[in-house]
Amino acid sequence: MEKGLENLYSNRQEEISSKNNIFNQAVRYLEKNAIDPDRFVGIYGRDMVMADKAEAKKLKAQMLKNGKAPEGLKLATVLESLVTEHISKSSWFGENTDAKPAAPFDDCKNGIDTLTIFRKEGGFEKYMGLVMDATFNPSYQLCGKFNKIRGEIVRGDLGKMKYFESGKIRGQMTHIPKVIVGVEEKTIEELGKLKSMGKEDDIANHPIQLQILEEIEMQLRVFAEYTEKQPNDTYYKKSEHDIRGELVQIYKDFHEIIKEVLKERRVKIKDTGKRDEMFQRIKEETEKILTRDRN
């Protein structure tokens, strides 16, 4: 009996140690590859950059205090590092696509975890922001993230990054469409274990990338439709130009890009047909966007 309890305790400790190692590896990747605010001192000045770094640190501490469980934060961190790395490394979002972890300020203040860069012919680039989520988090947090995106659409603002950097472009960037990437705890842990075992090819060919692309395709389609339906007495009427048409086109352009990527990846990646719990939750919250304003 005592021997059995000792083995159970030992196995549990090994599991905790393994999860911590996976999390620490993810943190190192994000810190090494994130957009560095110090490179923007020439644009914003050292005082502003230092103030933004301090605010980001304060916001993260407040987020933990207000109920985001450390375990949930660890899962989201592992998810962010794996998705970001394999967009660039394994063409999860197609060829000529890169991803960078956002600076801590844009992560905490502007709600963008990862900047995705789609490079087109002639050196033209398009940018999309990713927001990571895991099923460890309460449902209301996922709902809150969708409400934030919905509010940005209503204001005609979309996402923005203060610390934006791609090639020679550096500074503030606006009208960055945001989408939510959701993966459940079990799947994140599976990917984390593959990472810790050095099985990069298994991650590169993991079908979770198809789920993520389907989540994004669905959101872009609905966000475009919701933007088109904005009434004339909102912000859009006050704009000096056709901002509604501009934002609708942004969503539609990205929708076509992701549809094409999904088509290509389905040829290369074996699809098990399984979608985890988070896929259904993303689908439900996305569909609510179109019905929430109805009486």
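Below are the figures for this structure:
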{"item": "The lone exception for Thr272 - which of (1) assigned to a helix (DSSP H, G or I); (2) more than 19 Å from Val131 (Cβ to Cβ); (3) at pLDDT below 95; (4) β-branched (Val, Ile, Thr) it fails", "result": "(1)"}
{"item": "Residue, surrounded by the most Cβ atoms within 10 Å (Cβ to Cβ), within segment 93-120, restricted to residues that are among the polar types (S, T, N, Q) and over 20 Å from Arg39 (Cβ atoms)", "result": "Thr97"}
{"item": "Which numbered condition Lys274 fails, given (1) without any contact (Cβ under 8 Å) to a residue 12 or more places away in the chain; (2) exposed (fewer than 12 other Cβ atoms within 10 Å of the Cβ)", "result": "(1)"}
{"item": "The one condition in (1) within 16 Å of the chain's Cα centre (by Cα); (2) modelled with pLDDT of 95 or more that Met278 fails to fulfil", "result": "(2)"}
{"item": "Subset of segment 161-215 that is part of a loop (DSSP other than H, G, I, E, B) and among the small types (Gly, Ala, Ser) - its residue that is farthest from Lys274 (Cα to Cα)", "result": "Gly167"}
{"item": "Checklist (1) at pLDDT below 95; (2) more than 16 Å from the chain's Cα centre (by Cα) applied to Glu184, failing item", "result": "(2)"}
{"item": "Qualifying residue in segment 136-146 (condition: crowded, with 19+ Cβ neighbours inside 10 Å, in contact with an Asp or Glu (Cβ under 9 Å, 6 or more places away or on another chain), assigned to a strand (DSSP E or B) and not charged (D, E, K, R))", "result": "no"}
{"item": "Spans of helices (runs of 4 or more DSSP H) in segment 1-77 with at least 3 residues modelled with pLDDT of 75 or more and under 20 Å from Leu191 (Cα atoms)", "result": "2-33"}
{"item": "Residues satisfying the stated conditions in segment 228-241, i.e. farther than 21 Å from Glu217 by Cβ and either at pLDDT below 75 or in a helix (DSSP H, G or I) (or both)", "result": "Asn232, Asp233, Thr234, Tyr235, Tyr236, Lys237, Lys238, Ser239, Glu240, His241"}
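The values are calculated or read from the model by the stated rules, or taken from the named source; none is laboratory data. Note that the structure is a prediction, hence the values are computed from the model and not measured. Note: ideal-geometry Cβ built from the backbone for every residue, glycine included; neighbour counts use all protein chains shown.
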